[in-house]
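Trainee: Before we start, here is the structure in question, set down as structure tokens.
The values are calculated or read from the model by the stated rules, or taken from the named source; none is laboratory data. Computed from a prediction, not measured in an experiment: that's the story for all the values here. Here the Cβ positions follow ideal geometry from the backbone for every residue, glycine too, while neighbour counts run over all protein chains shown.
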Amino acid sequence: MAVEFEPFDASWKEDLASHYRVLRDEAPVHWAPASGVWCVSRHEDVSFVLTRPDLFASRRSQERLTANTSRLRMLLGAVRWVWGMRVSPRAMWTQRMLILEDGESHRVMRNLVNRGFTPRQIKGWEKRMYELVDDCMGRIDARGAFDVVEDLAIPVPVTVIAEMLGVEPERRHEFKQWSDVIIASGTGSGMGSGLSGPLLDSMIEMKRYLGPIVKQRRAQPRDDLISTLVEPGAAALSDHEIFMFFLLLLIAGNETTTNLIGNAVDALLADPRCLERVGSDPSAIPGIVEETLRYDSPVQFLTRTAVRDFEIRGQTIREGQEVLAMVGAANRDERFFPEPDRFDPLRETRGHLGFGFGAHFCLGASLARLEARCVLERLVPRLPGLRRVRQETELLDSYTIRGRQRLELCPIA
């Protein structure tokens with residue numbers, strides 16, 4: 001029987017395990033005709049795709065973004081983009097963005113931003129993270145009932161990345177709103193709307209906010225990431241490329257951790273025996289973080305483009321076709337992880353692909369791990385005394401990003 005799986009169809013999101021199992025067993029290299037992409041789902045093959053930029057490049061076409069957009073709307077959107085973003089038409093097609101670069105260009109750009117993510121610098125944020133967590137927990141204790149996502153998983157990482165960038169953390173609600181719109185428009189139900197509507201509005205608002213800050217940092221650098229990005233040299237970035245970096249760091253710097261925390265708490269609450277086993281053991285927290293990255297990855301797939309015709313498991317992927325490296329499915333591959341559909345913070349998780357693999361391994365992995373650990377150390381011991389306010393799960397509007405829109409808890413009466 002032919003496998004029917006479309007990655008841009010919301011119907012599969014509620015039951016990842018069964019859909020992923022069918023893919024791995026019956027169609028490990030699957031052509032999704034309605035989506036127009038190849039889905040690669042076994043751990044061995046996903047790892048291969050992510051480590052061979054000579055075969056599968058990070059660059060991708062704009063067809064997905066504008067799939068359902070008329071030529072007139074595309075033209076009007078492009079004009080508004082150029083005008084609103086204050087960028088030349090040429091820059092729209094020549095701009096560099098870290099996640100869409102390979103080879104030397106990627107290496108140079110990554111080395112630039114890596115200066116803000118050294119192990120010593122990340123460790124230096126630990127005290128501040130605990131301060132933020134304790135501040136949030138204090139407000140939670142005063143109320144009793146709370147939302148793990150809204151009251152803890154969002155404010156901590158958004159504040160940290162804002163302070164790292166050197167922008168006002170007080171505007172975190174705007175940052176989160178921009179992030180949500182861009183994710184929904186680029187990876188969720190808003191895909192295909194093109195450069196129009198809420199997506200373009202959010203991008204323009206961000207650009208207008210950032211412009212004066214970049215100008216100020218060029219004149220008077222500070223000890224923050226934006227100042228690092230404006231440093232002159234071989235990797236000198238244009239104002240628009242700095243904006244694209246800002247966009248990447250702001251979204252990736254908070255969304256991954258927010259969803260990592262929410263997904264971890266959700267998994268623990270779903271298995272009281274597991275929670276009882278690890279809830280009172282602080283040494284188990286790193287295992288909870290890594291198992292969540294494997295079991296319920298915040299990023300479910302990464303997109304690559306075939307550089308040339310290439311055959312995998314009897315299927316020929318043609319040059320220019322999009323390939324989805326299904327990291328969520330690979331992390332549930334029983335060929336690599338025994339009993340993969342069981343959440344077990346005590347298991348060996350080495351080799352999970354929750355932060356990607358290869359040259360594009362997540363730049364902020366150590367930051368996300370530390371933030372999640374700080375939050376969970378304070379929250380997990382309290383979970384046995386809490387219960388869900390509602391049982392239904394409300395997932396983010398995204399096919400790529402997996403997380404909870406809310407996770408409301410209250411004390412057990």
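Trainee: Is it true that R273 is at pLDDT 85 or above, farther than 22 Å from A368 by Cα and assigned to a helix (DSSP H, G or I)?
Mentor: Values: at pLDDT 85 or above: yes; farther than 22 Å from A368 by Cα: yes; assigned to a helix (DSSP H, G or I): yes.
Yes: the conditions hold for R273.
Trainee: Can you tell which of F343, F336, F357 is of a type in the set (F, W, Y), under 30 Å from R139 (Cβ atoms) and in contact with a helix residue (DSSP H, G or I) (Cβ under 7 Å, 6 or more places away or on another chain)?
Mentor: Criteria check complete, one pass: F343.
Okay, residues lined up against (1) charged (D, E, K, R); (2) over 23 Å from G364 (Cα atoms); (3) buried (at least 23 other Cβ atoms within 10 Å of the Cβ); (4) more than 25 Å from the chain's Cα centre (by Cα):
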position	(1), (2), (3), (4)
P212	no, yes, no, yes
D223	yes, no, no, yes
E231	yes, no, no, yes
E241	yes, no, no, no
E255	yes, no, yes, no
L260	no, no, yes, no
R277	yes, yes, no, yes
D281	yes, yes, no, yes
G287	no, no, no, no
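Trainee: Can you find, within segment 18-48, the residue that is surrounded by the fewest Cβ atoms within 10 Å (Cβ to Cβ) among those that are under 11 Å from A330 (Cα atoms) and out of contact with any strand residue (DSSP E or B) (no Cβ under 9 Å at 6 or more places or on another chain)?
Mentor: Looking at the filtered set, the residue picked out is E44.
Trainee: Also, I was wondering about something else. Would you confirm whether or not segment 268-275 contains a residue that is farther than 24 Å from I99 by Cα and of a type in the set (D, E)?
Mentor: Start the filter on segment 268-275 by keeping residues that are farther than 24 Å from I99 by Cα, which leaves 268-275.
Right, trim to of a type in the set (D, E) and you get 271.
Yes.
Trainee: Determine whether L367 is under 23 Å from L152 (Cα atoms), within 16 Å of the chain's Cα centre (by Cα) and surrounded by fewer than 19 Cβ atoms within 10 Å (Cβ to Cβ).
Mentor: Here the answer is no, as L367 does not meet what is asked.
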